[in-house]
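The values are calculated or read from the model by the stated rules, or taken from the named source; none is laboratory data. The structure presented is a predicted model; accordingly, all values stated were derived computationally and were not measured. A quick note on method: Cβ atoms are made from the backbone with ideal geometry, for glycine too, and the neighbour counts reach across all protein chains shown.
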Amino acid sequence: MFSEHLFQLINGQPITKPIFNFPTNRRLSFEIVEPRDFLIIEGVFALKFAKELAFDIDKVTVFVNGSSYLDLVKKRTARDIAERGRTALEVTKQEKKFVGPGFFTYIAHS
């Protein structure tokens, strides 16, 4: 969906972007996004997706990291417990099964 939406925006077409609710892991609604002269894409996987685009666009990529990996894990754990109602055990299981492997596979080398 990301690549399709980016292709549409680059070609002057609006997109219907889903609005995601992280605590419930569900889409809540949608938002129309109109094409502009520039587009900022942020998120931990933004650089990975930018490298894999099947079409050529002018792009500038920036990666900002102000914390160590362990500091990020602590912040994410505290956030998920406080804001998403998860237990420390749930967050740790998710970290070991999905988040950590994803980070080291797709993000760390960036």
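At-a-glance table
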{"item": "Selected residue (criterion: modelled with the lowest pLDDT) from residues of the stretch 37-63 that are outside any helix (DSSP H, G or I) and within 21 Å of F22 (Cβ to Cβ)", "result": "V44"}
{"item": "Verdict on I19 being assigned to a strand (DSSP E or B), among the β-branched types (V, I, T), under 16 Å from the mean Cα position of the chain (by Cα) and at pLDDT 85 or above", "result": "yes"}
{"item": "Test: residue in the stretch 50-62 that is in contact with a Ser or Thr (Cβ under 8 Å, 6 or more places away or on another chain) and of a type in the set (S, T, Y)", "result": "no"}
{"item": "Neighbours by Cβ (under 6 Å, 6+ apart or cross-chain): first from the stretch 6-35, within 21 Å of A50 (Cβ to Cβ); second among the charged types (D, E, K, R)", "result": "K17/E31; P18/R27; F20/R27; V33/K17"}
